[in-house]
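In what follows, a structure is listed as structure tokens, so that the remarks can point back to it.
The values are calculated or read from the model by the stated rules, or taken from the named source; none is laboratory data. All values reported here derive from a predicted model rather than from experimental measurement. Cβ coordinates were reconstructed from backbone atoms using ideal geometry, including for glycine residues, and neighbour counts include every protein chain displayed. SASA here: full protein model, heavy atoms, side chains in, ligands and nucleic acids out. Shrake-Rupley method; radii C 1.70, N 1.55, O 1.52, S 1.80 Å.
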Amino acid sequence: MAMRQGALRGPSDYSQEPTRHPSLRINAKEPFNAEATRRDLVASYITPVDLFLKRNHGPIPILHDIDSYYVTVAGLIERPAKLYLNDIKKLPKYNVTATLQCAGNRRTEMSKSRKVRGVGWDVCALGNATWGGAKLSDVLQLIGVPYHTEITPSGGKHVEFTSVDQCPEEKGGPYKASIPLGHATNPAADVLVAYEMNGEVLKRDHGYPLRVVVPGVIGARSVKWLDRIDIIEEECQGFFMQKDYKMFPPSVDWDNIVWSTRKPQMDYPVQSAICSLEDTNAIIPGEVTVTGYALSGGGRGIERVDISTDGGKTWFGAVRYQKEGVPYIAGDISSDKWAWVLFKTVIDVKGDTEVIVKAVDSSANVQPESVETIWNLRGILNTCWHRVRLLTIHNLRSLL
């Protein structure tokens with residue numbers, strides 16, 4: 001299906017996929033879904049583009065002619081427009097460091113408790129990048145929608161983003177999602193129409209030539225390969241807003257689900273994971289360095305990262321950091337409010353040990369202890385305490 005002949009189109013097969021980094025853990029080949037290894041993910045505060053989460057629902061779109069590419073802005077507004085890339089680039093450019101996390105991060109772990117449906121992800125279905133582009137609030141102001149608008153004179157209350165990719169869930173149609181108009185028109189929300197990632201032009205895997213970045217919100221709302229922006233009365237009715245990425249209780253399964261009873265998920269809850277160790281590591285007794293990440297949605301900072309080596313009876317704090325040489329303070333202007341924090345500590349391992357991490361955000365939200373209490377049929381938002389089991393070498397030998 002060619003969405004715009006001669007410009008940006010979504011191919012119908014996987015014969016023209018981009019080259020990917022060989023170290024990625026591939027969770028699905030068609031469509032391509034992959035994550036970095038744990039150690040690669042936290043090797044730097046800013047995630048290299050090649051190691052950033054690859055999350056797709058269809059073949060990667062191809063741009064044939066940048067000069068004829070434009071985004072249609074229409075819907076319940078008085079001045080519909082076609083905005084070319086140069087029109088977007090004429091607006092003030094902002095660089096926003098923000099972590100994008102798939103709602104299915106840590107799904108494999110949840111599925112061990114009770115089977116769920118969806119791509120299996122370890123703890124690395126996310127990445128932290130510096131995105132460059134125009135604020136969506138400025139784009140909308142350009143076509144006559146002022147800052148902090150909750151509803152347009154024609155009744156528009158939501159902003160829908162439509163891609164050009166072809167998704168089986170949309171019966172071959174494009175991926176789409178929406179956010180409230182008040183969120184979109186708030187400059188402080190830092191929602192971007194982005195054309196750069198880590199100081200470089202967007203790669204095809206990440207939305208070239210234009211994508212939306214909605215900081216603090218699950219990655220499913222940050223639509224890639226942007227084709228349209230529409231101001232609409234009700235929230236987007238696409239599959240990924242109405243029949244996916246909703247949080248249901250453990251009592252709901254596929255035989256009794258009623259999708260309309262839950263709102264689409266937006267902010268992600270507080271989350272953390274250990275990345276310097278795998279689920280079962282054989283180690284020599286002594287000092288072991290524990291590193292990982294922690295983050296929360298909605299611009300909430302990380303107040304604490306707690307570590308336990310005795311099953312959660314006692315806890316001690318890990319060091320939190322973002323930028324080198326700048327002390328991390330949750331909520332401080334020197335900190336990146338939309339980005340993860342990395343953490344580090346050293347533990348003394350004398351025998352077999354389970355290392356546990358949990359984070360507390362600046363609103364005092366804390367990760368739940370048990371995956372069973374947050375289990376849901378789609379396996380999203382697994383934010384329970386993350387646990388890694390260490391087996392000491394001398395005990396391992398006794399088992400052989």
*asked:* Based on this model, can you work out whether GLY297 counts as closer than 20 Å to ASP267 by Cβ, out of contact with any Lys or Arg (no Cβ under 6 Å at 6 or more places or on another chain), outside the structural domain of ASP122 (by the TED database) and open to solvent by 60 Å² or more (accessible area, probe 1.4 Å)?
replied: no
Only one of (1) in contact with a Gly (Cβ under 6 Å, 6 or more places away or on another chain); (2) charged (D, E, K, R); (3) over 25 Å from ILE380 (Cβ atoms) does not apply to ASP267, and that is (3)
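Could you please find all residues in segment 331-355 being over 23 Å from CYS102 (Cα atoms) and part of a loop (DSSP other than H, G, I, E, B)? Step through it out loud before you land on a result.
Let us first name the residues in segment 331-355 that are over 23 Å from CYS102 (Cα atoms), namely 331-334, 344-355.
The answer is GLY331, ASP332, ILE333, SER334, LYS350, GLY351, ASP352.
Regarding segment 47-63, can at least one residue be identified that is without any contact (Cβ under 8 Å) to a residue 12 or more places away in the chain and out of contact with any strand residue (DSSP E or B) (no Cβ under 6 Å at 6 or more places or on another chain)?
As a first pass, look at segment 47-63 and keep what is without any contact (Cβ under 8 Å) to a residue 12 or more places away in the chain: none.
Checking segment 47-63: not a single residue is without any contact (Cβ under 8 Å) to a residue 12 or more places away in the chain and out of contact with any strand residue (DSSP E or B) (no Cβ under 6 Å at 6 or more places or on another chain).
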For segment 191-208, does any single residue satisfy the condition of being buried (at least 18 other Cβ atoms within 10 Å of the Cβ), among the small types (Gly, Ala, Ser) and farther than 21 Å from LEU126 by Cβ?
no
Would you be able to say whether some residue in segment 100-110 is closer than 18 Å to LYS224 by Cα, open to solvent by 10 Å² or more (accessible area, probe 1.4 Å), in contact with an Asp or Glu (Cβ under 7 Å, 6 or more places away or on another chain) and of a type outside the set (Gly, Ala, Ser)?
no
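Hey, could you check segment 328-365 for residues that are among the hydrophobic types (A, V, I, L, M, F, W, C) and open to solvent by 60 Å² or more (accessible area, probe 1.4 Å) and say which is farthest from ILE302 (Cα to Cα)? Show your work before the answer.
Step one: filter segment 328-365 for residues among the hydrophobic types (A, V, I, L, M, F, W, C), giving 329-330, 333, 338-343, 346-347, 349, 355-357, 359-360, 364.
Retained after the next criterion (residues that are open to solvent by 60 Å² or more (accessible area, probe 1.4 Å)): 329, 333, 346, 364.
Values: ILE329: 8, ILE333: 14, VAL346: 20, ALA364: 9 Å.
Taking the candidates together, the pick is VAL346.
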Exactly one of ILE307, ILE302 is modelled with pLDDT of 95 or more, touching an Asp or Glu at 6+ places or on another chain (Cβ under 8 Å) and of a type in the set (A, V, I, L, M, F, W, C), and that one is ILE302
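A quick yes/no check of all residues on (1) of a type outside the set (Val, Ile, Thr); (2) within 18 Å of the chain's Cα centre (by Cα):
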position: SER23; (1), (2): yes, no
position: GLU35; (1), (2): yes, yes
position: LEU63; (1), (2): yes, no
position: ILE66; (1), (2): no, no
position: TYR70; (1), (2): yes, no
position: TYR84; (1), (2): yes, no
position: THR99; (1), (2): no, yes
Pairing a residue in segment 117-130 that is within 16 Å of ALA220 (Cα to Cα) with any residue that is of a type in the set (D, E, K, R) and part of a loop (DSSP other than H, G, I, E, B), where Cβ atoms lie under 8 Å and the two sit 6 or more apart in sequence or on different chains, gives GLY118/ARG378; TRP121/ARG106; ALA125/ARG55; ALA125/ARG106
Within segment 300-327, residues being touching a strand residue (DSSP E or B) at 6+ places or on another chain (Cβ under 7 Å) and either assigned to a loop (DSSP other than H, G, I, E, B) or open to solvent by less than 60 Å² (accessible area, probe 1.4 Å) (or both) number 15
